[in-house]
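Below is one structure, written out as structure tokens, with a few remarks after it.
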Amino acid sequence: MALVEIENLHLAIRAFEGEAQVLAGVDLAIERGEIWGLVGETGCGKSLTGLSISRLVSSPPARYPKGAIRFDGRDILAADEAEMRKLRGRRIGMIFQDPTTNLNPAFRVGEQMIDVALHAARVDASVLGLDAKASARARRAAARALAVRLLERVGVARAAERVDDYPHQFSGGMRQRVLIAMALIGKPDLLIADEPTTALDVSVQAQILKLLHELAREQGLAILLITHNLGVVAQIASHVAVMYAGRVVERGAARAVLKAPAHPYTQALIASLPRAGAARGSLVGIPGVVPNLFSPPAGCRFAPRCPLAVARCGEAPPLEAAGAAREVACWRAERAA
């Protein structure tokens, strides 16, 4: 059984214009030790898929009309808030996209990390390496020491001093490192990383990606890496899932999918990447725009932008095997024999 299993997940969000069908049958399974890259254009549902796993989508206005999410066999959509609080910060860690809005400016970085550590320790005392009967003072001292160690691990210089700084005293990249350290405090089984390297320069990005790869290999940590950067996916992901307008259109082993994409949308994404030595004006974009999810097109949602679309694309294609290492939702893709 996979650590995370998402089956036919539908998510609808009500707004003034009506109800947007933002997820429309997402299927994904993540095993321990795997790094899944979740890619696609802005607005395709990547972040909402990650937020749904940790039940951080407000309901209402959101609702899940169909589908299931199971974490280590537990039905996430049926769990109450008390159960979810035990999972968040302990077994499920999350790195949010914007460090500016996800660190409280009124509290020192160390205080915020200590709070996360103490919360995780209430669920599992081993997080702090102390006996469950340890005093409050001892737990707090251990939580602070853990915060310093993790800041050092993500590359924050003079961590023992910087732990007492406020978020505004850190650069954007350093705040992103703090969020990564905070997500690792509870020693999670699953790490959901939403654009974790967006605010980092290239050298720091390489350090963070190396750290995530080591955690997956050494601790069996499962990682869902939400990103626009196919280069990052190619560098560390073992598997990749390509999303378009709320659906997974192609998934499988990262090397197989990126080397020989089978879905027209995946092909278009890769073709649009800039390449060294390319002539000015030679970049190729994807014509058209992501469909309006208040009234999405029937059948394949990519069909209005697809150069290979045929009449049958008015019917939604299933996600089926197209070779040994990937599955594709496209009537024009070659199926496995």
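Mind checking the dipole of the chain: about its Cα centre, +1 per Lys or Arg Cβ, -1 per Asp or Glu Cβ, Debye to the nearest 20?
Working: 41 positive and 33 negative charges, 87 e Å.
Charge dipole of the chain: 420 debye, to the nearest 20.
Need the full-extension length gain, Ser58 to Glu41, defined as separation in residues times 0.36 nm minus the C-alpha distance. One decimal, nm. Let's see the in-between values first.
Working: separation 17, 0.36 × 17 = 6.12 nm, distance 2.29 nm.
That pair, Ser58 and Glu41, stretches by 3.8 nm at full extension.
Under the 0.36 nm per residue contour assumption, what length would be gained going from the current alpha-carbon distance of Arg140 and Ala321 to full extension? Numbers along the way, then the final one.
Working: separation 181, 0.36 × 181 = 65.16 nm, distance 5.13 nm.
Stretched out fully, the Arg140 to Ala321 stretch lengthens by 60.0 nm.
Would you mind checking region 176-202 for residues with the amide N under 18 Å from a putative spin-label position 7 Å along Cα→C-beta of Glu218?
It comes to 180-191, nothing else.
Would you mind checking region 311-333 for residues with the amide N under 19 Å from a putative spin-label position 7 Å along Cα→C-beta of His10?
Residues 314-319 qualify, since their backbone N sits under 19 Å from the label point.
Could you tell me which of Asn8, Ala132, Gly252 has its Cα farthest along the dipole of the chain towards the positive end, charges placed at Cβ (Lys, Arg +1; Asp, Glu -1), taken about the Cα centre?
The Cα lying farthest towards the positive end belongs to Ala132.
What net charge do the residues around Arg85 carry, taking every other residue with its C-beta under 14 Å from that of Arg85, with Lys and Arg at +1 and Asp and Glu at -1? Mind dumping the intermediate values first?
Values: positive: Arg55, Arg74, Lys86, Arg88, Arg90, Arg91, Arg122; negative: Asp80, Glu81, Glu83, Asp115, Asp124.
With Lys, Arg at +1 and Asp, Glu at -1, the net is +2.
Quick one: putting +1 on the C-beta of Lys and Arg, -1 on the C-beta of Asp and Glu, what dipole do you get for region 102-187 around its Cα centre, in Debye to the nearest 20?
On the way: 14 positive and 8 negative charges, 27 e Å.
In debye, rounded to 20, region 102-187 gives about 120.
Could you give the alpha-carbon Rg of region 137-291 over 2.2 N^0.38 Å, rounded to two decimals? The partial results should precede the final answer.
On the way: Rg = 18.8 Å, N = 155, 2.2 N^0.38 = 15.0 Å.
Dividing the Cα radius of gyration by 2.2 N^0.38 Å gives 1.26.
With only alpha-carbon atoms in the gyration tensor, what are the semi-axes of the equivalent ellipsoid for region 102-187, in Å, largest first? Kindly include the intermediate steps, with their values, before the conclusion.
Working: eigenvalues 99, 28, 25 Å².
Over the Cα atoms of region 102-187, the ellipsoid semi-axes are 22, 12, 11 Å.
Multiply the residue gap between Ala160 and Asp80 by 0.36 nm, knock off their C-alpha separation, and tell me the result in nm, one decimal place. Write out the running numbers ahead of the final one.
On the way: separation 80, 0.36 × 80 = 28.80 nm, distance 3.78 nm.
Computed gain between Ala160 and Asp80 is 25.0 nm.
Can you give the FRET efficiency to the nearest 0.05 for Met1 and Arg149, using r as the Cβ-Cβ distance and R₀ = 35 Å?
Values: r = 33 Å, r/R0 = 0.93.
Efficiency, rounded to the nearest 0.05: 0.60.
Give me the percent relative contact order of region 102-187, please, defined on Cα pairs under 8 angstrom at least 6 residues apart. Mind dumping the intermediate values first?
Numbers: 99 pairs, mean separation 35.8, N = 86.
About 42 percent, as a whole number.
Would you mind checking the pairs Lys66/Lys187; Lys66/Lys86; Lys86/Lys259; Lys187/Lys210; Lys187/Lys259; Lys133/Lys210 and listing those with alpha carbons more than 29 angstrom apart? Walk me through the numbers on the way to the answer.
Working: Lys66/Lys187 31 Å; Lys66/Lys86 25 Å; Lys86/Lys259 40 Å; Lys187/Lys210 17 Å; Lys187/Lys259 34 Å; Lys133/Lys210 37 Å.
Exceeds cut-off: Lys66/Lys187; Lys86/Lys259; Lys187/Lys259; Lys133/Lys210.
Can you tell me what the convex hull of the Cα atoms of the chain projects to on average, as an area in nm²?
Projected over every direction and averaged, the Cα hull of the chain covers 19.4 nm².
Can you find, among Val240, Ala181, Ile270, the residue sitting farthest towards the positive end of the charge dipole of the chain, where Lys and Arg contribute +1 and Asp and Glu -1 at Cβ?
Ala181
Quick check: Cα centre of region 1-15 to Cα centre of region 86-160, how many Å?
About 29 Å separates the Cα centre of region 1-15 from the one of region 86-160.
Read-outs throughout are calculated quantities, based only on the coordinates presented, and are distinct from any laboratory measurement. Everything numeric here is computed off the predicted structure, so don't read it as measured data. Neighbour counts run over all protein chains shown; Cβ positions are idealised from the backbone, glycine included.
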